[in-house]
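The structure appears below as C-alpha cells.
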Amino acid sequence: MKKQKNTAQAETATTAPRADLYLLVYDEKVLTQQVLPVVVKSRYQPHILFYGHTPTGAQWLEWQAKGKAVATNAVNEHIQPDAVYFVADAYNASILDAAITYYYTSKDKWQPSQAHLAAADKVSGKSDLGWGTKIKYAFYNLLAQLLMPTSQRQHTYAFTFFGGEAVKAAITSHTRTAQQLLARCAYLEIPTETHTLTARELKHTTHNWWGLWSEAFKVRLNWLVLDALKEKSNQGIWRMVFAVLFMVGLLGMPLLSQEFGLTWDEPRHNDYSKLSLNYFTSFGEDTTCLQANIPTQEFRYYGEHFNVIAAFLYTYILPLGEFETRHLLNAIYGLLALLFAALLAKELGGWRAGSVALLLGLMSPVFIAHSMNNPTDIPFAAGFAIAVYYLFKMYKSLPTPKASHLLMAAVGIGMAVGSRVGGILLYAYAAMFMGIHWLLTAKQHGMPYAMKQILRYAKVLIVLVAAGHLLSISLWPFGQQHIFTSWYEAFKKSTEGAYFTYNHELFEGTRMYMANVPWYYLPKFIVINSPLAVLAGLALLLLLTAVTYKKYRQPALLFFVLFAIVFPVVYAEYKSLYYYNGWRHYLFIYPFILAGAGLGWDMLTRLTHAAVAWVAVALCALPLWWMLQYTPNQTVYFNELVGGTSGAYGQYELDYYSNSCREAGEWLARET
C-alpha cells in the first residue's frame, strides 16, 4: 500500500486526532539515555510504558506527573487495544524522534489488529546513500530475511509500529525488542501492512552482524521453548516437542556417525574428492579429476558438492580423520533432510504434523543408516527437501517472493544437482509451482490481470534457474568446463546407465540380475524398509486427503506432497531406469514420505481426538527398540510386514552397502 506523508499542520486541519502512541521500553539505560531526552523535547508527547521497577530520575517523574508514563511488570495490564505502539530498544532508539514525528504527521491509517512496517520503492524518491552503503544494507537485508521469520523485506528501516490489538495478542514476558515482537506477530500470523516512505522519511539503522544472529536465536528460543512452556496448549506442546527432537538429532546423529563403517564405494568417492579439491586449490590448473583414464573417472559426471566440502574440511579445518569427517558431515546433511521434511509438514499442518514427521524420520533405521555414510544420496535428498520447502514458501507470496526464499530454493537446487544431475527435476517442479499459482490467479482475478503478471512469474523462474545452476556447478569441476552444456552430458550418461553396476542381488528369495527386476521392486523395498508408523501415516494421507484437504489453507500444496512421492517412482518404472542396492537412489523421496505421514496422522487427529497423534509416537517404539539392539547396522532393517530382519534373511539383500565390514573387521582383530 502506498502512503504519502503530509505536514503536521495539514494533519491537524484535515483529520481527527489519531490514537495515542505508546513507547514500549524494556531497558532502563535506553529509557534514561535515549528515550526520555527525546520525548521531553518532542511536541507530540507520546506515552511511555516501561517494563521494570519504577525509575526515579527527574525526567521520568516529570513525565509520570503528566500521566504519560507507567512502569509495570505485568505484561498485558496496561496495553490499550485502540492505541499504537513503538518498541524503543537499543537497535532503533537512535531514530526515535523521526519515528514519533512520522507517526503524528502522516495520514496513514493504523489498524489496531496489524503490525506496520516501513519500506522504500520507486515512488520513495532517490536515496542519497553511497553505493558502498547500499551494498552493505543489501547484504544485511538478505541475511536478516534468511534469519528472521518475519515478512519484513527491508530490515534497515526501523519504523515498526504495532496496533494495540496486535500487541495484546503477541506480547509476552520474553519479548524484549521490536524484532522479537514482530517475530511473534509472524508466528501468530498477525497481518502486517507496509507503509511506503519517502527518501527523506526513511531512517536507516542496523544491528551489528553478530547481534542479528543473536536476535534470531532468541526469537526461536522464545517461540519454541519459553513461550511454549507458558502457553499450555497443544500447539505449544508440539512446538516444544519439535525443538527437543531437533536437538536430539543435532547432538545424536553426528555422534552416531562415528560408529559406522565404510560403504563399498566410499573410499573411491574419497579418492576422487581429493582430486576435485586439487582442481579448486590450483585454480583449475590441476585437471586430473577431469581425465578419462583415472580409476574413478565416472565421478566426473557426479556433482562433487559434498565431496569437495568434506575434503576441504579434513584437509584444512577439522582435526578428525578423513572418513570420520565425511561421516560427521554426512550426518549433518541427513539431519537437514529430516528437518526440512518436518518443516514441510509443519508448513501445511502445523507443529503437530511437523513434530510427528521429525520423530518418524529419527525412527527410520534405513534412512538414518544412509545418513551416516552415503555421500551422494543423502546430500541429494537434503537438497530436494530444502528446495521444495522454499518453493512452498515462495508459492505463498508469488509473484513477488522474498529474496531469501528465492535464494534458499536455489541453494537446495544447487545442493541436489551438485550431488546428482537428476536434481534438474527441481526446475520442472519450480515451473509447475509457478504455473499452478498463475492459473489460480487467473481463475480468481481474471485472465487479463493474470496476463499482466506473467512476466513477473517468468522473471522469478529465470532467476531461480540461473542461481540454482550457478550454485550446482560451483563445486563441480566437470560442470565448469562448459557451464551451459556439461549438465546435459552428465544427464545423458545418467539416463543411459553408462556407469550402472551390473550386479546380482537377492530379491524375494531369488538371486536376480538387477537389470531384470520386476516393476514393483522399488515400491516394495520402500514399503518393507519403512517403519509401520510411517506406512500408517502415509495410508491415512491417501485415505483422508479428499475428506480433510479443505481444512488446510493451501490444498494445492497438499496434493503436491503426494505428487513428489509418487511421480519419481512412476517415472522410473516408465523409463525402465536401473535399480540396485535396494532403493537408496530414491531416498530423495523419503523426506516427502515423512512429511506425508506426519500430515496423515494430523488429519486423523483433526477428525477424531488430539490424543490420536500419540499413537504414532507409541508405534515408534518398535523401530527404536530395534535400533538400540542393532546399531550401527540399521541398513539391514526390515519391518514387521516381512517378519523383521530375521524374516528378510535369505529373501532380500541385507547389507548391500557393506557397512558391517567395520564391525566384522574389529571382531576378527579381537578374536585373532
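Could you work out what % of the accessible surface of the chain is carbon and sulfur, using a 1.4 angstrom probe and leaving DNA, RNA and ligands out of the count?
Carbon and sulfur atoms account for 62 percent of the accessible area of the chain.
From a point 7 Å beyond the Cα of residue 609 in the direction of its Cβ, which residues of the range 226-252 have a backbone N at a distance under 17 Å?
Within reach of a label on residue 609, which here means backbone N under 17 Å from a point 7 Å along Cα→Cβ, the range 226-252 contributes 234.
Can you tell me the equivalent ellipsoid semi-axes for the range 207-262? Use √(5λ) from the Cα gyration tensor, largest first, whole Å.
Sorted largest first and rounded, they come to 27, 20, 5 Å.
Computed from these coordinates, which is Kirkwood radius over Cα pairs in Å: (i) 28.7; (ii) 25.9; (iii) 27.7?
(iii)
Given only helices, namely DSSP H runs of n ≥ 4 each adding -39500 (n - 2.57), what is the per-residue ellipticity at 222 nm of the chain, to the nearest 500 deg cm²/dmol?
So the calculated ellipticity at 222 nm is -17500 deg cm²/dmol.
Hey, for a label at residue 44 modelled as a point 7 Å past Cα toward Cβ, could you say which residues of the range 79-109 have their backbone N under 13 Å away?
Only 84-87, 95-109 pass the distance filter.
If you roll a 1.4 Å probe over the heavy atoms of the protein chains, what accessible area per residue do you get for the range 521-672, in Å²?
45 Å²
If you stretched the chain out fully between residue 198 and residue 58, how much longer would it get, using 0.36 nm times the residue separation minus the C-alpha to C-alpha distance?
Once the chain is fully extended between residue 198 and residue 58, it gains 46.7 nm.
Express the Stokes-Einstein translational diffusion coefficient of the range 516-619 in µm² s⁻¹, to the nearest whole number, given a Kirkwood radius over alpha-carbon pairs, 4 °C and a viscosity of 1.567 mPa s.
89 µm²/s
For an R0 of 41 angstrom, estimate the FRET efficiency from the Cβ-Cβ distance between residue 294 and residue 428 and round to the nearest 0.05.
0.80
Would you work out which of 436, 25, 342 lies farthest towards the positive end of the dipole of the chain? Charges go on Cβ: Lys and Arg +1, Asp and Glu -1.
Value computed over the given set: 25.
Check residue 506: other-chain or 5+ apart residues with amide H under 5 Å from its amide H, H built from backbone geometry?
512, 653
With axes computed from alpha carbons, what is the tilt in degrees of helix 621-630 against the longest principal axis of the chain, rounded to the nearest 10 within 0 to 90?
50 degrees
Taking K and R as +1 and D and E as -1, what net charge do the other residues with C-beta under 15 Å from the C-beta of residue 653 add up to?
Result for the neighbourhood of residue 653: 0.
Where does the range 215-346 land on the Kirkwood hydrodynamic radius, alpha-carbon pairs, in angstrom?
Evaluated over the range 215-346, this radius sits at 17.5 Å.
Amide H to amide H, which residues 5 or more places from residue 71 or on other chains are under 5 Å from it, using H placed in the peptide plane?
HN-HN under 5 Å from residue 71: 50.
Determine one quarter of the surface area of the Cα convex hull of the range 440-486, which equals its mean projected area, and express it in nm² to one decimal.
In nm², the orientation-averaged hull projection of the range 440-486 is 4.0.
So what's the range 89-191 giving for Cα Rg divided by 2.2 N^0.38 Å, two decimals?
1.12
For the pair residue 397/residue 443, report the inter-label distance in nm, with labels modelled 7 Å from Cα in the Cβ direction.
Once both label points are built, they end up 2.5 nm from each other.
Given 0.36 nm per residue, what is the gain on full extension from residue 278 to residue 622 after removing their alpha carbon distance, in nm?
Full extension from residue 278 to residue 622 adds 119.2 nm.
Per residue, what accessible area does the range 257-395 have, given a 1.4 Å probe and all protein chains present, in Å²?
That works out to 28 Å² per residue.
Show me, for the range 396-402, the HN-Hα J-couplings you get by feeding each phi into the Karplus relation (A = 6.51, B = -1.76, C = 1.60, θ = phi - 60°), rounded to Hz, glycine and proline as x.
Computed from phi, the couplings for the range 396-402 are 6, 10, 5, x, 10, x, 4 Hz.
Of 230/396; 168/230; 29/136; 393/551; 136/218, which ones are farther than 22 Å apart at the Cα?
Pairs exceeding 22 Å: 230/396; 29/136; 136/218.
Using alpha carbon centroids, what distance separates the range 632-667 and the range 54-112, in Å?
When both Cα centres are located, 65 Å separates them.
Just to check I understand the Karplus step: with θ = phi - 60° and J = 6.51 cos²θ - 1.76 cosθ + 1.60, what whole-Hz values come out for the range 480-489, glycine and proline as x?
Per residue, the Karplus-derived 3J(HN,Hα) values read 7, 6, 9, 5, 9, 10, 4, 4, 5, 4 Hz.
Using only the alpha-carbon atoms, how far is helix 532-548 inclined from the longest principal axis of the chain? Give it as 0 to 90 degrees, nearest 10.
Value to nearest ten degrees: 50.
Please compute the modelled spin-label separation between residue 97 and residue 470, points set 7 Å along Cα→Cβ, answer in nm with one decimal.
Result for the modelled spin labels: 4.2 nm.
Within 14 Å, Cβ to Cβ, of residue 464, how many net charges do the neighbouring residues add up to if Lys/Arg are +1 and Asp/Glu are -1?
+4
Specify the angular offset, from 0 to 90 degrees and rounded to the nearest 10, of the alpha carbon long axis of helix 322-349 from the longest principal axis of the alpha carbons in the chain.
60 degrees
The values are calculated or read from the model by the stated rules, or taken from the named source; none is laboratory data. Everything quoted here is computed from the prediction, not taken from an experiment. Cβ sites come from the backbone with ideal geometry, for glycine too, and all protein chains shown count toward neighbours. Surface areas here come from the heavy atoms of the whole protein model, side chains and all, with no ligands, DNA or RNA. Shrake-Rupley method; radii C 1.70, N 1.55, O 1.52, S 1.80 Å.
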